[in-house]
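J.: So that we are looking at the same thing, I have put the structure below in structure tokens.
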Amino acid sequence: MQSKLPKVRTTIFTVMSKMAQDYGAINLSQGFPDFDCPARLRELVTQHLNDRKNQYPPMAGIPSLRQQIANKVKEYYGCDANTETEVTITSGATEALFDAVHAVVTTGDEVIVFDPAYDSYEPAVQLAGGKTIHVPLTLPDYGMDWDRLEQAINSRTRLIIINSPHNPCGSILNKVDFDKLAALIRGHDILILSDEVYEHMVFDGVKHESVLGHAELRTKSFAVFSFGKTYHATGWKLAYCIAPEALTTEFRKIHQYVTFTTSSFVQHAIADFMAECPEHTRELPDFYEKKRDTFCNLLAPSRFRFLASKSTYFQLVDYSAISDKSDVEFANYLTQEKGVAAIPLAPFYEVPPTTKIIRFCFCKDDSTLQQAAKILCAL
Ligand code: PMP
Ligand code: GLN
């Protein structure tokens, strides 16, 4: 049988987490916390489960959660989102990204992504019959290369996928970047898919800029967010997409046949938690900035070289003073022989990079970070 995705292998996150488990390594690879989500949130989930909220919720998500989301994006981004026509709850951001791509991309369309790019974008584009055009981010700061982007845009370009805060690099787009992007696509029939799942993990006093807060981009964008990141509950697979009505109509046509709807009691619990505990999201940047600082301070005496991450819960490090291996080889070696698992960057690229950089995840208990750093500082 001919594969529809001949180049796709099991995701690097699954591969490295399994390797960590098989070799008993400390897992700083796949992005998930090793601490629990808030106790009150677990209490609410249990309450709604026992309250028999166990049948199909509405296709677009329960009204109270959509209302909480609308309140939130108004507060954070000054965005008025219509809960009936513009907000859709999905089973993880992964589903939302897939639905958005399939809502608008068809055979022969081109979709621009920026390398290193999160691994789920390209397969979604290919399955929709589209072609992915890879534009590299600039080194060493992983910023936008506006000239390369302009050159990549043509009449076949249908969608541009942006990711800020950026996984794996931690770089962020600001208002000036959004103005430039808006100017570049003005007059073209091009839409934006904005992956903002790390919206509440931006550090050093910088504010996250959402496409929802940009008047022009807002009218052309699908904006995707994930409760998994924000509430330390990646396993619940709950996320949402906000897009103008015409885009949401097409988005829901895909959503209703991919999953139809999403876990009922979790939706109820998160809606209540958002209303009860708005301070959770306000405190999150600080919480993760402290984790970043802890990890960076612990790694300071090591031979890794790095600039502190600006956002997300990932830290890139250059290991060229330690080894000549490729990033995949080095991540395997570190996991299997040294007992700390990391993510190589090669799977995020069309053409594997020559840089010697790997990604560590620091959303871990301080004791986990200390144990890992002890090993890493001895390399
Ligand atoms: N986009 C990015 C950039 C991610 O890092 C992730 C997951 N870590 C996702 C999307 C998918 O999020 P979810 O777990 O909600 O499907
Ligand atoms: N996005 C997570 C990461 O970057 C992993 C998600 C997954 O395993 N699919 O580590």
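Each reported figure results from applying straightforward, stated rules to the coordinates on display, with no laboratory input. All of these numbers come straight from a predicted model, not from anything done at the bench. Here the Cβ positions follow ideal geometry from the backbone for every residue, glycine too, while neighbour counts run over all protein chains shown.
J.: What order do you get for TYR118, TYR288, TYR23, TYR56 when you list them from fewest to most C-beta neighbours inside 10 Å? Walk me through the numbers on the way to the answer.
T.: On the way: TYR118 20, TYR288 23, TYR23 14, TYR56 8.
So the ranking, lowest neighbour count to highest, is TYR56, TYR23, TYR118, TYR288.
J.: How big, on average over all directions, is the shadow cast by the Cα convex hull of the stretch 180-284, in nm²? Spell out each step's value before the answer.
T.: Details: hull surface 32.5 nm².
The directionally averaged projection comes out at 8.1 nm².
J.: Taking LYS74 as the anchor, which lysines have their alpha carbon closer than 16 Å to its alpha carbon, excluding any fewer than eight residues away along the same chain?
T.: Within the straight-line cut-off, LYS74 pairs with LYS207.
J.: Something else about it: Only four residue types carry charge here, +1 at the Cβ of Lys and Arg and -1 at the Cβ of Asp and Glu. Report the dipole size of the chain about the Cα centre in Debye, rounded to the nearest 20. Provide the component values of the computation, followed by the final result.
T.: Values: 38 positive and 46 negative charges, 114 e Å.
Computed about the Cα centre, the dipole is about 540 debye.
J.: Moving on to the next point. Which log10 I(q)/I(0) values does the stretch 223-379 give at q = 0.18, 0.20, 0.21 Å⁻¹ under the Debye formula, counting every alpha carbon as one identical point scatterer?
T.: Taking Cα atoms of the stretch 223-379 as identical point scatterers yields -1.10, -1.21, -1.27.
J.: Looking at the stretch 162-250, what % of its DSSP beta bridges pair antiparallel, to the nearest 5? Each step should come with its number before you reach the end.
T.: Details: 4 of 10 bridges.
Bridges in the stretch 162-250 are about 40 percent antiparallel.
J.: Rounded to the nearest 0.05, what FRET efficiency do TYR333 and GLN151 have when you use their Cβ-Cβ distance and R0 = 41 Å?
T.: On the way: r = 38 Å, r/R0 = 0.93.
Efficiency, from the Cβ-Cβ distance: 0.60.
J.: Let's see if you can work this out: charge +1 on each Lys and Arg Cβ, -1 on each Asp and Glu Cβ, no other charges. What is the dipole magnitude of the stretch 220-379 about its Cα centre, in debye to the nearest 20?
T.: Numbers: 18 positive and 17 negative charges, 58 e Å.
Magnitude of the dipole: close to 280 debye.
J.: Give me the lysines in straight-line cross-link reach of LYS131: C-alpha distance below 26 Å, same-chain residues under 8 apart excluded.
T.: Partners within reach: LYS4, LYS7, LYS180, LYS220, LYS253.
J.: Here's something else I'd like to know. Going by amide H atoms built from the backbone, whose H comes under 5 Å of the H on GLY143, apart from near neighbours?
T.: Answer set, sorted by chain and number: THR138.
J.: Under a point spin-label approximation (7 Å from Cα along Cα-to-Cβ), what is the ASN297-VAL206 distance to one decimal in nm?
T.: 2.2 nm
J.: Need the list of lysines near LYS364 for cross-linking: C-alpha distance under 21 angstrom, and skip anything on the same chain fewer than eight residues off.
T.: LYS18, LYS229, LYS237, LYS290, LYS291, LYS310, LYS338, LYS374
J.: Most fluctuating residue of PHE265, PHE251, PHE314 in a GNM of the chain with Cα springs under 10 Å: which is it?
T.: Maximum among the listed residues: PHE265.
J.: If you plug each phi of the stretch 300-317 into the Karplus form 6.51 cos²θ - 1.76 cosθ + 1.60 with θ = phi - 60°, what whole-Hz ³J(HN,Hα) values come out, in order, with x for Gly and Pro?
T.: These are the phi-based 3J(HN,Hα) values: 3, x, 6, 8, 6, 10, 6, 10, 3, 4, 8, 6, 6, 10, 10, 10, 7, 9 Hz.
J.: Compute the FRET efficiency between ALA321 and ASN71 as 1/(1 + (r/R0)^6), taking r as their Cβ-Cβ distance and R0 = 45 Å, and round to the nearest 0.05. Don't skip to the answer; put the middle values down first.
T.: Values: r = 49 Å, r/R0 = 1.08.
Plugging the Cβ-Cβ distance into 1/(1 + (r/R0)^6) gives 0.40.
J.: Find how many whole Å separate the alpha carbon centroid of the stretch 8-49 from the alpha carbon centroid of the stretch 119-176.
T.: Centre-to-centre (Cα) distance: 27 Å.
J.: Spin-label point model (7 Å from Cα, Cβ direction): what's the GLU279 to ASP189 distance in nm?
T.: For the pair GLU279/ASP189, the computed spacing is 5.2 nm.
J.: Still on this structure, I have one more. Please grab the % of Cα pairs in the chain that end up more than 37 Å from each other. Could you put the intermediate results ahead of the total?
T.: On the way: 13390 of 71631 pairs.
Across the chain, Cα pairs with separations above 37 Å total 19 percent.
J.: For Cα pairs less than 8 Å apart in space and 6+ apart in sequence, what is the mean separation divided by the residue count of the stretch 307-379, i.e. the relative contact order in percent? Working shown, then result.
T.: Working: 86 pairs, mean separation 26.0, N = 73.
Over the stretch 307-379, the number comes to 36 percent.
J.: Here is a further query. Just in the stretch 20-105: which GluC sites (Glu not before Pro) are loop by DSSP and have at most 14 other Cβ atoms within 10 Å?
T.: On the way: sites: GLU43, GLU75, GLU84, GLU86, GLU95; in loops: GLU84, GLU86.
Of the GluC sites (Glu not before Pro), the ones in loops of the stretch 20-105 whose Cβ has at most 14 other Cβ atoms within 10 Å are GLU84.
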